[in-house]
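Down below is the structure, laid out as structure tokens.
The values are calculated or read from the model by the stated rules, or taken from the named source; none is laboratory data. All values derive from a computational prediction rather than experimental measurement. Cβ: placed from backbone, ideal geometry, glycine included. Neighbour counts: every protein chain shown.
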Number of protein chains: 2
Amino acid sequence: MKIFDSPQKLQKELFGLKCDGKKIGFVPTMGYLHDGHLSLLRIARDKSDVLVASIFVNPTQFGPNEDLDSYPRDFKSDEMLCEKAGVDYLFYPTNEAMYPDGYSTYVDEHVLSQVLCGRKRPGHFRGVVTVVAKLFNIVMPDVAVFGQKDAQQVRVVQQLVRDLNFPVEVIVGPIVREVDGLAMSSRNTYLKGDDRNRALVLNQSLLLAKSMIESGESNALNVKKAMLNKFKHVSGISVDYVEIRNYDTLDEIELLDGIILIAVAVMVGDVRLIDNIIVWN
Amino acid sequence: MKIFDSPQKLQKELFGLKCDGKKIGFVPTMGYLHDGHLSLLRIARDKSDVLVASIFVNPTQFGPNEDLDSYPRDFKSDEMLCEKAGVDYLFYPTNEAMYPDGYSTYVDEHVLSQVLCGRKRPGHFRGVVTVVAKLFNIVMPDVAVFGQKDAQQVRVVQQLVRDLNFPVEVIVGPIVREVDGLAMSSRNTYLKGDDRNRALVLNQSLLLAKSMIESGESNALNVKKAMLNKFKHVSGISVDYVEIRNYDTLDEIELLDGIILIAVAVMVGDVRLIDNIIVWN
């Protein structure tokens, strides 16, 4: 495995491989890798000849009061995990290499990124879309794999690819969960004491929603009410949102029909967690 | 010369050539080609193995009260001129191909695009930067040539390339002028009657500025005053801006030192014209 910190050098090397007919697979991450990331690396590995991963805690997608400084980092462990997962190129740039002095260009998606997490985290998706555009230009992947855990991010990146004509196939990897159902996240490491147990209610609320729909419930409001009721009975939790939307447009829906995204974001203590499920009805 | 209207098909074909080791040269235009464009095509031809031109009157860079509908178009003439100039691939997409239904992603440069024309044409540079990002992804040029006539556009595109890591070399072609000094522009075709003569004052004001600086004037305000005075003596002209700025940062300067951009934008009747000169001092 080769490790690059220079965007220009990686770009040059990977372009050479691409022109030799190698299919480039790419998994962008913020590091502190867990089994969720590793599942994405496996998908990319299967779809490509050359596997590229990036580890970059992207400052532009964090708000001023968010956890940029405390975001968990462990490069030595990440390096080992990437090596084991068959990564050929690990891109590990500095902030200065990605956002040099006088940096002033940003990419915005103006529809899908306005709802859900976008409403609570202004500027978050600008940061995501901008860094993904940069990484796509640097890596020039044929295939890029993103996790369904960040469902809105997936939709926004798919829109970026379509709108700006990136020749990249976006593949979505399913959510990987702990044995007890908690969706894997680097932020789970923040959960202290009882909060780890309380956090199970995210997945439980989604499973409740799914079973209601499978039992014939067709009114989104009823499902939402039942989910909110579930959260109400767990102490130390404050709901940021519980939303039921069309997965394609991210529009709110009343009638449970089509491909449905059920997404939740809650504060467990002072840790913000998100989770979601997609239901075809 | 092959003509493509499909972004995807052109992208695929050019990528194949690029991987065969061909150097791709690119000149994006809005058509209605004149000698200015042809000079850019010559530069790109000399720097590349495969010459690509695009003709696309980009709707997103026109304001609601601007001349999108009346902007001059003549595809048959453009096609002939491109053929003669040695263009290998002419990209001539529809609005629908470039901005399909549900389009929602835009690229913004937030510093250089805020001054000069950006102040008077809100949204203009968003449109320019977005379409250039799209075109770069479609054509994947090694070299792209832009005209110095649109000096601010040059700086904004250079910033786009640097910030978003496009592997493209931007080359700037000098302004081409009519025999009497008027900078060539597709919009010159709008100039009726005496306005064509009045328009000469743009270039004359720039030459005055240059000669003042070469004679030792070091105060930008004095040069600006002299230029404004020149415009005052021509009827039917209203000045949009006369600006003296550092070419690199586009910051206003007082002391005439370094690489200096002197830029003017004026309304001649109801036609908006721009011109500029770069002076090293």
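When A:S215 is evaluated against the numbered criteria (1) over 20 Å from the mean Cα position of the chain (by Cα); (2) farther than 30 Å from B:Y103 by Cβ; (3) surrounded by 14 or more Cβ atoms within 10 Å (Cβ to Cβ), which criterion, by number, is the only one it fails?
(3)
I'd like the full set of residues that are touching a residue at least 60 places away in the same chain (Cβ under 8 Å) and either in the same structural domain as B:Y241 (by TED's automatic domain parsing) or touching a Leu at 6+ places or on another chain (Cβ under 7 Å) (or both), limited to the range B:117-139.
Result: B:V132, B:K134, B:N137, B:I138, B:V139.
What tally of residues in the range A:154-191 results from selecting those that are touching a helix residue (DSSP H, G or I) at 6+ places or on another chain (Cβ under 9 Å) and either assigned to a loop (DSSP other than H, G, I, E, B) or aromatic (F, W, Y) (or both)?
15
Sort through A:D69, A:D49, A:D74, A:D101 and tell me the only one that's away from chain B (no Cβ under 14 Å) and over 22 Å from A:D150 (Cα atoms). Show your work before the answer.
Numbers: A:D69 fails: over 22 Å from A:D150 (Cα atoms); A:D74 fails: over 22 Å from A:D150 (Cα atoms); A:D101 fails: away from chain B (no Cβ under 14 Å).
It is A:D49.
Here are some conditions: (1) within 8 Å of chain B (Cβ to nearest Cβ); (2) more than 20 Å from B:T105 (Cβ to Cβ). A:V129 meets all but one. Which one does it not meet?
(2)
Quick one: how many residues across the range A:9-63 are of a type in the set (A, V, I, L, M, F, W, C), touching a Cys at 6+ places or on another chain (Cβ under 8 Å) and within 22 Å of B:L17 (Cβ to Cβ)?
Looking only at that region, the number is 1.
Out of all the residues in the range A:1-10, which are in contact (Cβ under 8 Å) with a residue 40 or more places away in the chain, within 12 Å of chain B (Cβ to nearest Cβ) and either touching a Pro at 6+ places or on another chain (Cβ under 6 Å) or in a helix (DSSP H, G or I) (or both)? Lay out the reasoning, then the answer.
From the range A:1-10, those in contact (Cβ under 8 Å) with a residue 40 or more places away in the chain are A:1-7, A:10; that's our starting set.
With the extra rule that they be within 12 Å of chain B (Cβ to nearest Cβ), the set shrinks to A:6-7, A:10.
Of everything in the range A:1-10, those that are in contact (Cβ under 8 Å) with a residue 40 or more places away in the chain, within 12 Å of chain B (Cβ to nearest Cβ) and either touching a Pro at 6+ places or on another chain (Cβ under 6 Å) or in a helix (DSSP H, G or I) (or both) turn out to be A:P7, A:L10.
Can you report the number of residues in the range A:11-35 which are assigned to a helix (DSSP H, G or I) and surrounded by 22 or more Cβ atoms within 10 Å (Cβ to Cβ)?
Here is the first cut: in the range A:11-35, the residues assigned to a helix (DSSP H, G or I) are A:11-19, A:35.
Now narrow it down to the ones that are surrounded by 22 or more Cβ atoms within 10 Å (Cβ to Cβ): A:14.
Residues flagged as assigned to a helix (DSSP H, G or I) and surrounded by 22 or more Cβ atoms within 10 Å (Cβ to Cβ) within the range A:11-35 amount to 1.
Looking at the structure I just gave you, is A:Y89 under 24 Å from A:G173 (Cα atoms), surrounded by 19 or more Cβ atoms within 10 Å (Cβ to Cβ) and in contact (Cβ under 8 Å) with a residue 60 or more places away in the chain?
Working: under 24 Å from A:G173 (Cα atoms): yes; surrounded by 19 or more Cβ atoms within 10 Å (Cβ to Cβ): yes; in contact (Cβ under 8 Å) with a residue 60 or more places away in the chain: yes.
Yes.
Pairs only if they're at least six apart or on different chains, beta carbon under 8 angstrom, first in the range B:28-42 and closer than 12 Å to B:I175 by Cβ, second of a type in the set (F, W, Y) and assigned to a strand (DSSP E or B); list them, first residue then second.
Matching pairs, first to second residue: B:L40/B:F146.
List every residue pair whose Cβ atoms lie under 7 Å apart, where the two residues are 6 or more positions apart in sequence or sit on different chains, the first residue falls within the range B:156-185 and is away from chain A (no Cβ under 11 Å) and farther than 30 Å from A:D101 by Cα, and the second residue, located anywhere, is among the acidic types (D, E) and assigned to a loop (DSSP other than H, G, I, E, B).
B:M184/B:E178
Condition first: β-branched (V, I, T) and surrounded by 17 or more Cβ atoms within 10 Å (Cβ to Cβ). Now tell me which residues in the range A:172-186 satisfy that. It would help to see each step written out before you state the result.
First pass over the range A:172-186, keeping only residues β-branched (V, I, T): A:172, A:175-176, A:179.
A:V172, A:I175, A:V176 - these are the residues of the range A:172-186 that are β-branched (V, I, T) and surrounded by 17 or more Cβ atoms within 10 Å (Cβ to Cβ).
Suppose the filter is of a type outside the set (D, E, K, R) and at positive phi; does B:G86 pass it?
Yes: the conditions hold for B:G86.
Can you say whether B:N197 is assigned by TED's automatic domain parsing to the domain that holds B:D49 and either among the polar types (S, T, N, Q) or not in a helix (DSSP H, G or I) (or both), as far as the supplied structure shows? Even if it seems obvious, please write down each step before you answer.
Numbers: assigned by TED's automatic domain parsing to the domain that holds B:D49: no; either among the polar types (S, T, N, Q) or not in a helix (DSSP H, G or I) (or both): yes.
So B:N197 fails the test.
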